[in-house]
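Data block below; observations after.
The values are calculated or read from the model by the stated rules, or taken from the named source; none is laboratory data. All values derive from a computational prediction rather than experimental measurement. With ideal geometry, Cβ positions are generated from the backbone for all residues, glycine too; neighbour counts draw on all protein chains shown. Note: accessible area is taken over every heavy atom of the protein model, side chains too, but ligands, DNA and RNA are not part of it. Shrake-Rupley method; radii C 1.70, N 1.55, O 1.52, S 1.80 Å.
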Amino acid sequence: MEGGGDMGLMEWCRELPKIELHAHLNGSVRDSTLLELAKDLGEKGVIAFEDVVHVIMKNGRSLPECFKLFDLYHLLTTDHQTVTRITKEVIEDFAAENVVYLELRTTPKKNEAKGMTKCSYMKAVIDGIRAVDTVDVDFDTSGTSNVNCSEATPLNCIGSPIKRKKIYVRLLLSIDRRETTAAALETVNLAMDLKNFGVVGIDLSGNPVIGEWQTFLPALKHAKELGLPITLHCGEVPNHKEIQAMLDICPQRIGHACFLVEEEWKRVKFLKIPVEICLTSNIRTERFSSIYDHFFADLYKAKHQVALCTDDSGLFSTTLSNEFYLAASTFGLNKDEMFLLARSAIQSTFADDEVKHELTKIFDDAANRLII
Ligand code: IMP
Ligand code: ZN
């Protein structure tokens with residue numbers, strides 16, 4: 001008999017400890033926060049509130065519509081204080097879903113009008129991690145150094161006497177496909193500077209029909225030389241020249257991979273590149289006409305390393321618990337299989353061995369409750 005007692009599947013998926021490897025900060029913002037920010041900017045006359053409400057609340061979105069929406073999100077969230085706020089809220093939301101390890105990615109942004117540099121943007125993100133007070137956050141193991149561009153505040157106190165939820169948070173810095181080679185290099189160097197502040201790798205994301213691979217390659221090569229792990233948004237559109245070039249650099253992970261063809265899958269399998277799978281995102285942006293056509297089942301059957309992820313939980317109104325529920329109910333995985341799937345993502349994190357060991361212990365403890 002399966003474990004988990006009388007728990008319904010959705011409740012069980014919520015209870016399951018989970019590892020989130022593909023979540024964009026600005027795509028994970030609560031609708032209620034976006035509405036509040038839009039109202040505020042509306043009152044200041046910066047935007048017309050009535051024009052943006054229906055955009056924020058709309059559910060079905062094509063891929064081009066998503067990128068238009070990101071421009072709106074960035075308009076709403078572009079100041080240090082708001083970046084700090086959304087970071088704090090996003091972490092609390094993931095922790096509430098029993099995500100025990102979150103690799104949160106975000107694009108460091110420059111905004112002269114707000115006195116924002118890529119570094120000060122990241123400082124605001126780091127302040128947001130430190131501001132979390134409803135759960136314990138393991139964020140920076142060194143805890144002694146300061147972010148160079150400005151003074152850092154002390155670390156949140158870890159280990160309160162009351163047993164609270166705990167979440168490991170690590171950061172990936174994203175290169176946006178709209179950026180220049182110089183801007184991409186700046187992001188990689190910043191990631192290196194912030195290694196003691198929980199930054200564990202680099203991501204390439206943004207509108208997949210914008211930008212040339214050659215523009216980002218020098219920065220990605222530089223990241224490799226520096227020993228920074230890389231994950232790429234790969235094959236979001238059927239650009240096979242780019243997919244092949246991406247696989248040539250042997251990234252540590254890839255995300256989406258919707259339009260890979262057989263030969264490309266063979267290489268991904270041969271190179272053992274873990275794949276971040278975002279079911280709701282892929283369906284909402286119409287990469288597959290039906291969820292049953294999704295490649296998840298093929299990779300799962302082939303025992304290839306996959307991790308279920310949300311991509312943009314705010315934008316797509318999903319949670320990681322929901323992604324597990326969707327996988328279980330669509331592809332017929334039982335609780336034991338779901339548990340192993342969740343636990344196997346530990347191997348694909350960019351965290352150090354000590355954290356991986358701690359995560360394994362968390363899953364071992366949960367196994368008694370959930371599957372035995
Ligand atoms: P941010 O990096 O925190 O600002 O998160 C939003 C950004 O993530 C967007 O502007 C895109 O560059 C990127 N992003 C979010 N979802 C996707 C996706 O599905 N494909 C490619 N890029 C994405
Ligand atoms: Zn993404």
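For the chain, which span is the longest to avoid every loop-located (per DSSP) member of GluC sites (Glu not before Pro) having at most 15 other Cβ atoms inside 10 Å? Walk me through the numbers on the way to the answer.
Working: sites that count: E2, E151, E212, E286.
Segment 3-150 is the longest.
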query: So which of K44/K118; K114/K166; K266/K303; K18/K301; K272/K356; K18/K118 end up more than 24 Å apart, counting from Cα to Cα?
result: K44/K118; K114/K166; K18/K118
field: Loop chymotrypsin sites (Phe, Trp or Tyr not before Pro), segment 265-311 (other Cβ atoms within 10 Å of the site Cβ: 16 or fewer; DSSP)
entry: F288
- request: Report, in deg cm²/dmol and to the nearest 500, the calculated mean residue ellipticity at 222 nm for the chain, where each DSSP H run with n ≥ 4 adds -39500 (n - 2.57) and the sum is divided by the residue count.
  value: -14000 deg cm²/dmol
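So what's the chain giving for Cα Rg divided by 2.2 N^0.38 Å, two decimals? List each step's numbers first, then the result.
Values: Rg = 19.8 Å, N = 372, 2.2 N^0.38 = 20.9 Å.
Normalised Cα radius of gyration, the chain: 0.95.
Residues of the chain: accessible area per residue at 1.4 Å, in Å²?
Details: 16000 Å² over 372 residues.
It amounts to 43 Å² per residue over the chain.
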- request: For the chain, with all protein chains present and a 1.4 Å probe, just round the carbon and sulfur fraction of the accessible area to a whole percent.
  value: 53
statement: Binned at 5 Å starting from 0, the alpha-carbon pair-distance distribution of segment 1-136 in whole percents comes out as 2, 9, 17, 18, 19, 15, 10, 5, 3, 2, 1, 0, 0
query: Which of the trypsin sites (Lys or Arg not before Pro) found in segment 268-372 are in a DSSP loop and have at most 13 neighbouring Cβ atoms, other than their own, within 10 Å?
result: K272, K303
